[in-house]
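**Q** Right, I'll just put the structure down here and ask away after.
The values are calculated or read from the model by the stated rules, or taken from the named source; none is laboratory data. Note that this is a predicted model, so its numbers are computed, not measured. Don't worry about glycine lacking a Cβ; one is built from the backbone with ideal geometry, like all the others, and counts go over all protein chains shown. Heads up: the accessible areas ignore ligands, DNA and RNA and are worked out on the full protein's heavy atoms, side chains in. Shrake-Rupley method; radii C 1.70, N 1.55, O 1.52, S 1.80 Å.
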Amino acid sequence: MDAELRDLYQQVIMDHQRRPRNFGPMESPNRSAEGYNPLCGDRIRVELALDEGKRIRRAAFSGEGCAICTASASMMTEAVTGHTLEETNGIFDAFHRLLTEDDQDPAVAERLGKLAVFAGVREFPVRVKCATLAWHTLHAAIDNREDPVTTE
Ligand code: ZN
């Protein structure tokens, strides 16, 4: 990855960390779950308003996490709003591949849009859990799982 792109990516992540979007408890969510990443100490709660057509109307998160965790949760809430669960699974699948596969398919990055800024995290395996915590918590929320999810 060239230095200019890396800088741009870092700026986007910093911006979301400083001013997280959809942050704070939501009014009357119908799905929620908690997630914990013991390796880093990230602890978040994801809340959703899921409609009858299985489309995410609103998504919010709260809690405390490191820069990567917070920025990832913030961007995730933006990325999934308005999407069906099937579409959401597709985004998560692409995101997971971006973070874990060395051999990158350009079509995957294209599908991710802004979430592609996390490509640099691939070089720091410990941070992958920070970046995916919000997504695992989102899945638990969709299933309305009561036990907190952990990345361990
Ligand atoms: Zn973290």
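**Q** Please state, as a whole number in µm²/s, the translational diffusion coefficient that the Stokes-Einstein equation yields for segment 12-102 at 20 °C and 1.002 mPa s, with Rh defined as the Kirkwood radius across alpha carbon pairs. Present the calculation step by step, with values, prior to reporting the outcome.
**A** Working: Rh = 13.6 Å.
The diffusion coefficient I find is 157 µm²/s.
**Q** Give the share of C-alpha pairs in each 5 angstrom bin for the chain, from 0 to the last occupied bin, in whole percents, shortest bins first.
**A** 2, 10, 20, 24, 22, 14, 6, 2, 0, 0
**Q** Moving on. Go through segment 1-98 and name the GluC sites (Glu not before Pro) that are in a DSSP coil and have 10 or fewer other Cβ atoms within 10 Å of their Cβ. All intermediate terms of the calculation are to be shown ahead of the outcome.
**A** Numbers: sites: Glu4, Glu27, Glu34, Glu47, Glu52, Glu64, Glu78, Glu86, Glu87; in loops: Glu27, Glu52.
For GluC sites (Glu not before Pro) across segment 1-98 that sit outside H, G, I, E and B with at most 10 neighbouring Cβ atoms in 10 Å, the list reads Glu27, Glu52.
**Q** On to the next question. Averaged per residue, what accessible area in Å² does segment 3-144 show with a 1.4 Å probe, protein chains only? Don't skip to the end; give the middle numbers.
**A** Values: 7260 Å² over 142 residues.
On a per-residue basis, 51 Å².
**Q** Now for a separate question. What do you get for the angle between helix 85-100 and the principal long axis of the chain? Use alpha-carbon atoms, 0 to 90 degrees, nearest ten.
**A** That helix lies at roughly 30 degrees to the long axis.
**Q** Can you send over the carbon and sulfur percentage of the accessible area for segment 3-144, probe radius 1.4 Å, protein chains only? Walk me through the numbers before you get to the answer.
**A** Working: 3500 of 7260 Å².
Its accessible area is 48 percent carbon and sulfur atoms.
**Q** A further question on this structure: What does the charge add up to near Gly35, with Lys and Arg as +1, Asp and Glu as -1, over the other residues with Cβ less than 9 Å from its Cβ? Write down the numbers at each step before the final one.
**A** Values: positive: Arg43, Arg45; negative: Glu34, Asp42.
With Lys, Arg at +1 and Asp, Glu at -1, the neighbours total 0.
**Q** For every other residue with a beta carbon closer than 13 angstrom to the beta carbon of Arg97, add +1 if it is Lys or Arg and -1 if Asp or Glu, then tell me the sum.
**A** Numbers: positive: Arg111, Arg122; negative: Asp93, Glu101, Asp102, Asp103, Asp105, Glu110.
Around Arg97, the surrounding residues sum to -4.
**Q** What is the magnitude of the charge dipole of the chain about its Cα centre, with +1 placed on the Cβ of each Lys and Arg, -1 on the Cβ of each Asp and Glu, and no other charges, expressed in debye to the nearest 20?
**A** Working: 18 positive and 25 negative charges, 91 e Å.
That gives a dipole near 440 debye.
**Q** So, one more: Residue-wise, which Karplus ³J(HN,Hα) couplings in Hz belong to segment 55-69, taking 6.51 cos²θ - 1.76 cosθ + 1.60, θ = phi - 60°, and x for glycine or proline?
**A** 10, 7, 7, 9, 9, 9, 9, 8, x, 10, x, 6, 4, 5, 5
**Q** Can I ask one more? Work from the charge dipole of segment 1-60 (Cβ charges, +1 for Lys and Arg, -1 for Asp and Glu, about the Cα centre) and give the residue of Tyr9, Phe23, Leu48 farthest towards its positive end.
**A** Leu48
**Q** Quick one: check the C-alpha center-to-center distance for segment 1-57 versus segment 112-152, whole angstrom.
**A** Taking the Cα centre of segment 112-152 as reference, the centre of segment 1-57 is 9 Å away.
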